Amino acid sequence: MEKIFFTRKIQLKIDSEDPDYKSHVFRTLYDWRYICFKASNLIFTHHFVQQQIKEIIYLTDEVKVKLANIKVDQDGILATSRMNTSYQILARNFKGSIPMHIMSSLNSTLVSTFNTNLISYITGEKTLPNFKKDLPIPFKGTDVKSLIAADGGHIFHFKLFDIPFKTYLGKDFSDKKNLLHRLVKKEIKLCTSSFVLEKGKIFMMAVFESENQVHLLNENIIAEASLSLDYPIMLTIGKTRYTIGNKEEFLHKRLSIQAAIQRKQNAMSFMNNQTKKRFKENTIENLRDAEKRYVIQKQHVYSKRLIDLCLKNQAATLLLVDQQEKEAQASQDPFLLRNWGYFGLKQKIERKAAGAGITVIVE
């Protein structure tokens, strides 16, 4: 059966009432993140240098350059596998300062990324990434220990590298709680995931693996969806028509956030430079982030409703009517291009449809 992978962002809190211990854990996590930053640049540098050795034309003809383990290939110039070369560098530099499972996860992820984009790096279509200091801290799914549900199944406790954590799901209108319950029952698997530290908060970017559910679909039933201005999605299946969302629901809050940003920007003209900078970094950036989160959340809600209706009606094919024409029109209209988000909504529809086994055709 086909495997599917999906990611959920889950807020974590340190499971302790001791403020000194919490401060120590935060300092430790920030130290680990800085080590991951240095290690990421080391990994890419070493693998790029290894690749470029073959391009050094001034080596003598007797020198045979083959990036392979000499124990496996007599022409190889490496004392170990390419994957292990960078891991040995990480172990030499950082062992004892950070759990090596983090370094192993980071190494395997980045080496895989490097190999995937190798041709683009060689041809110059892509440049080597310059990693930033706020990058995620990876870990293996098996590093999560003693996961249990508490407080009526609303809070989940676990240990990660001997640090006690608990989840904070808030109102949780999503499926995070259900996924964590399934993880406790071992119905799904936690794959290599990561920590993200944002403004004094800890988030887990949890990557789950599950078997793709088999839905009973009828090849003769075709659903037609239209992404319009009056309604985010209009769906027709047979003689039945559904409307998902409406213009006021989608645009009202987004436009109100934009108006708030404009008011704050106007107020900045009366501030000194230091206050302007602080005001922009805090208030205005927070509003922009809120707008992005709102749009993404709405697109997820609308696309999920669409796929649920297709499954309910057993539609095996989803036809996005006149979508290419609408995207071309939106590219010429600043208001639509800025506010309607056709591309993001279409992308989420295609992703959810693929997970449900529904074929998407874009006209």
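Among the residues making up the range 247-264, those that are over 27 Å from the mean Cα position of the chain (by Cα) and at pLDDT below 75 are LYS247, GLU248, HIS252. Against the numbered list (1) without any contact (Cβ under 8 Å) to a residue 40 or more places away in the chain; (2) part of a helix (DSSP H, G or I); (3) buried (at least 16 other Cβ atoms within 10 Å of the Cβ), ARG254 comes up short only at (1). Here LYS348 clears all of (1) open to solvent by 40 Å² or more (accessible area, probe 1.4 Å); (2) basic (Lys, Arg); (3) modelled with pLDDT of 80 or more except the condition numbered (1). Out of the residues in the range 296-332 that are out of contact with any Leu (no Cβ under 8 Å at 6 or more places or on another chain), open to solvent by less than 60 Å² (accessible area, probe 1.4 Å) and modelled with pLDDT under 80, which is nearest to PHE250 (Cα to Cα)? The selected residue is GLU327. Scanning the range 268-282 for any residue that is aliphatic (A, V, I, L, M) and at pLDDT 80 or above turns up nothing.
Within the set TYR34, TYR21, the sole residue that is without any contact (Cβ under 8 Å) to a residue 40 or more places away in the chain and either on the phi < 0 side of the Ramachandran plot or open to solvent by 40 Å² or more (accessible area, probe 1.4 Å) (or both) turns out to be TYR21. Scanning the range 129-143 for residues that are open to solvent by 60 Å² or more (accessible area, probe 1.4 Å), more than 21 Å from the chain's Cα centre (by Cα) and modelled with pLDDT under 90 turns up nothing. Can you find a residue in the range 191-205 that is within 30 Å of LEU318 (Cα to Cα) and open to solvent by less than 60 Å² (accessible area, probe 1.4 Å)? For the range 191-205, residues within 30 Å of LEU318 (Cα to Cα) and open to solvent by less than 60 Å² (accessible area, probe 1.4 Å): absent. Would you confirm whether any residue within the range 80-87 is in contact (Cβ under 8 Å) with a residue 60 or more places away in the chain, assigned to a loop (DSSP other than H, G, I, E, B), open to solvent by less than 30 Å² (accessible area, probe 1.4 Å) and in contact with a helix residue (DSSP H, G or I) (Cβ under 9 Å, 6 or more places away or on another chain)? So far as the range 80-87 goes, no, none of its residues is in contact (Cβ under 8 Å) with a residue 60 or more places away in the chain, assigned to a loop (DSSP other than H, G, I, E, B), open to solvent by less than 30 Å² (accessible area, probe 1.4 Å) and in contact with a helix residue (DSSP H, G or I) (Cβ under 9 Å, 6 or more places away or on another chain).
The values are calculated or read from the model by the stated rules, or taken from the named source; none is laboratory data. These numbers come from a predicted model, not from an experiment. Glycine also receives a Cβ, built like all others from the backbone with ideal geometry; neighbour counts cover every protein chain displayed. We work out accessible area using only protein heavy atoms, side chains counted, and drop any ligands, DNA or RNA first. Shrake-Rupley method; radii C 1.70, N 1.55, O 1.52, S 1.80 Å.
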